[in-house]
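Enquirer: Here you go, one structure.
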Amino acid sequence: MKVIERFVLKGNISDKMIDAILFGVNDDFIWIKKEDIIKVILSKKDVYSSVVHFGPLTIQPLDRCLNRNPKYEKRRFCIQVKWYNLADDIIENMNECYMTQSLYKNEPHHS
C-alpha cells in the first residue's frame, strides 16, 4: 500500500490523494477510480516479471549513465516507476465493473 500511495495516489510532496486517473484527451478518455487502482495493483502483485516490480508497476533507474557523462550522472540516483499496461488495466477494470453492474441488474430481486 505504501508503494501505491507514494508512486500513484499521492506522490512525495503533496498531502492530497487523487480521486482517479484519466487516460486520453479532453473529449475521449477512459478512467479508473482510486479504489479500483488499488484493487488492480494488488490483484497483480504475484504476476511474474523479470524486472523489479510491484504488481503492474515496474521500477528502474532514471538513467544508468554507464559512460559517467556528468550531464546525466545524477540521474543514476533517481528511479522511475512505469505502468506499461495502464490503458489495458483501465479497460479491463471498466469491463469488470460493467459486467458486475449488468449481473446485479439481471438478478431476481426478492421482496
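Enquirer: Given the conditions (1) open to solvent by 100 Å² or more (accessible area, probe 1.4 Å); (2) within 27 Å of G24 (Cα to Cα); (3) aliphatic (A, V, I, L, M), and given that L86 satisfies all but one, which numbered condition is not satisfied?
Expert: Here L86 meets the rest and fails (1).
Enquirer: How many residues are within 15 Å of E92 (Cβ to Cβ), in contact (Cβ under 8 Å) with a residue 40 or more places away in the chain and either among the polar types (S, T, N, Q) or open to solvent by 50 Å² or more (accessible area, probe 1.4 Å) (or both) when one looks only at region 1-41?
Expert: 3
Enquirer: Still on this structure, I have one more. Looking at the structure I just gave you, is W31 in contact with a Pro (Cβ under 6 Å, 6 or more places away or on another chain) and not basic (K, R)? Let's see the steps before the verdict.
Expert: Details: in contact with a Pro (Cβ under 6 Å, 6 or more places away or on another chain): no; not basic (K, R): yes.
So W31 fails the test.
Enquirer: Among what's in region 42-53 and is open to solvent by 90 Å² or more (accessible area, probe 1.4 Å) and out of contact with any strand residue (DSSP E or B) (no Cβ under 6 Å at 6 or more places or on another chain), pick the residue that is farthest from D88 (Cα to Cα).
Expert: Our first condition is that a residue be open to solvent by 90 Å² or more (accessible area, probe 1.4 Å); within region 42-53, this holds for 45-46, 48, 50, 52.
Then keep just the ones that are out of contact with any strand residue (DSSP E or B) (no Cβ under 6 Å at 6 or more places or on another chain); that gives 45-46, 48, 50.
Numbers: K45: 16, D46: 18, Y48: 17, S50: 20 Å.
If we take residues in region 42-53 being open to solvent by 90 Å² or more (accessible area, probe 1.4 Å) and out of contact with any strand residue (DSSP E or B) (no Cβ under 6 Å at 6 or more places or on another chain), then S50 is farthest from D88 (Cα to Cα).
Enquirer: If we scan region 20-37, do we find a residue that is modelled with pLDDT of 95 or more and among the basic types (K, R)?
Expert: Within region 20-37, one or more residues are modelled with pLDDT of 95 or more and among the basic types (K, R).
The values are calculated or read from the model by the stated rules, or taken from the named source; none is laboratory data. Bear in mind the structure is a predicted one, so any value in this text is a computation, not a measurement. All Cβ positions, even for glycine, are placed from backbone atoms using ideal geometry, and neighbour counts span all protein chains on display. Surface areas here come from the heavy atoms of the whole protein model, side chains and all, with no ligands, DNA or RNA. Shrake-Rupley method; radii C 1.70, N 1.55, O 1.52, S 1.80 Å.
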